[in-house]
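Take a look at the structure below.
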Amino acid sequence: MNFIGYSITFFVSWWLFLFMVLPVGVTTHSETDEETKDGIEVGSPIHANIKKKMVITTIITVIFMIIVSLVDYFDLVHIK
């Protein structure tokens, strides 16, 4: 695989892992006893922690890409 292939794999994998990490640890307004103001959806998260989840997603994707590159380098899977 060349640089373009690895870049595309990283990009697609990053978004896939982001959507898998996003719902982890989310507390919504409906799960707490707090009073909601007008205009706030009860299913919206209280603290989304997006920055932390993006870092976690990047770490998971880098580990995944290391595994993919090792499989590619040692030619462990033959798809031809």
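What follows draws every value from the coordinates through simple rules; no lab data is involved. As the structure is a prediction and not an experimental result, all values here were calculated from the model.
Some points to look at:
- Integer Hz, Karplus 6.51/-1.76/1.60 couplings in order for the range 5-20, x for Gly and Pro: x, 5, 5, 5, 4, 5, 4, 5, 5, 4, 5, 4, 5, 4, 5, 7
- In order along the range 72-80, phi translates into HN-Hα couplings of 5, 5, 8, 6, 6, 10, 9, 10, 8 Hz, rounded to whole numbers, per the Karplus curve 6.51 cos²θ - 1.76 cosθ + 1.60 with θ = phi - 60° and x for Gly and Pro.
- Each stretch of four or more DSSP H residues adds -39500 (n - 2.57); spread over every residue of the chain, this sum gives -18500 deg cm²/dmol at 222 nm.
- From phi via Karplus (6.51, -1.76, 1.60), per-residue ³J(HN,Hα) for the range 56-63 in Hz, x at Gly/Pro: 4, 4, 5, 5, 4, 5, 5, 4
- Among the listed values (i) 39, 10, 10; (ii) 17, 14, 11; (iii) 46, 20, 6, the one computed from these coordinates for semi-axes √(5λ) of the Cα gyration tensor in Å is (i).
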